[in-house]
Amino acid sequence: MNENEIQAYLEKRLKETADWINNAVRSRFLAMSQACDSSSPVEKFLLVEMLIGLPEEVAIVPQKDISGLGFPCRVDFLLVLPYTKKSVIVECDGERHQKDPKAVKDDKKRDRKLLLSGIPVLRFTTDEIIYHAEDVVHELRRAIDLFDR
């Protein structure tokens, strides 16, 4: 093989790999997006970013009910880490939610209870998710690295 043939082969394989990754992400999104809260499009937006930006070994569970805490608890996303099987909760806080003082107070109380139960909670605003998705994914990756030890 000459250099041009190797370069052509490389380009062909890169395109095939990109197609495979795109199809895998698309399939996972279609399977998981139905579980997202239909009144919160930002959850689906974040789901796309997590599917693309997080390691495939991290299980992403949308709209997960967590039991055994002594209080009802449904979270936007539960991440199950691959090595330790520990959990990290990801919450998407929309503008309407952020303007409700009771909701904010209840969330802070619930976050403390979850943390004391060994489950960290990462909350992101709609603006962070939509306009700074790369930073959100970076923070999630840091949390995975920190808690999956």
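The values are calculated or read from the model by the stated rules, or taken from the named source; none is laboratory data. Here the structure is a predicted model, which is why all the values come from computation and not from measurement. Please note: Cβ atoms are built from the backbone with ideal geometry, for glycine as well, and neighbour counts cover all protein chains shown.
Going through segment 20-67 one residue at a time, which ones are over 15 Å from the mean Cα position of the chain (by Cα) and of a type in the set (Phe, Trp, Tyr)? Trp20, the sole residue that qualifies. Need the failing condition index for Thr126 against (1) surrounded by 17 or more Cβ atoms within 10 Å (Cβ to Cβ); (2) under 10 Å from the mean Cα position of the chain (by Cα), just the number. In the conditions (1) surrounded by 17 or more Cβ atoms within 10 Å (Cβ to Cβ); (2) under 10 Å from the mean Cα position of the chain (by Cα), Thr126 misses (2) alone. Taking the numbered list (1) aliphatic (A, V, I, L, M); (2) within 19 Å of Ile129 (Cβ to Cβ); (3) in contact (Cβ under 8 Å) with a residue 24 or more places away in the chain; (4) not in a strand (DSSP E or B) in turn, Val88 passes all entries but (4). Checking Leu14, Leu115, Leu51 one by one, the residue that is without any contact (Cβ under 8 Å) to a residue 24 or more places away in the chain, closer than 24 Å to Asp145 by Cβ and in a helix (DSSP H, G or I) is Leu115 and no other.
Every residue, every condition in (1) touching a helix residue (DSSP H, G or I) at 6+ places or on another chain (Cβ under 8 Å); (2) modelled with pLDDT under 95, yes or no:
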position: Asp37; (1), (2): yes, yes
position: Leu47; (1), (2): yes, no
position: Glu57; (1), (2): no, no
position: Pro62; (1), (2): yes, no
position: Ser67; (1), (2): no, yes
position: Phe77; (1), (2): yes, no
position: Tyr83; (1), (2): no, no
position: Lys86; (1), (2): yes, no
position: Glu95; (1), (2): yes, yes
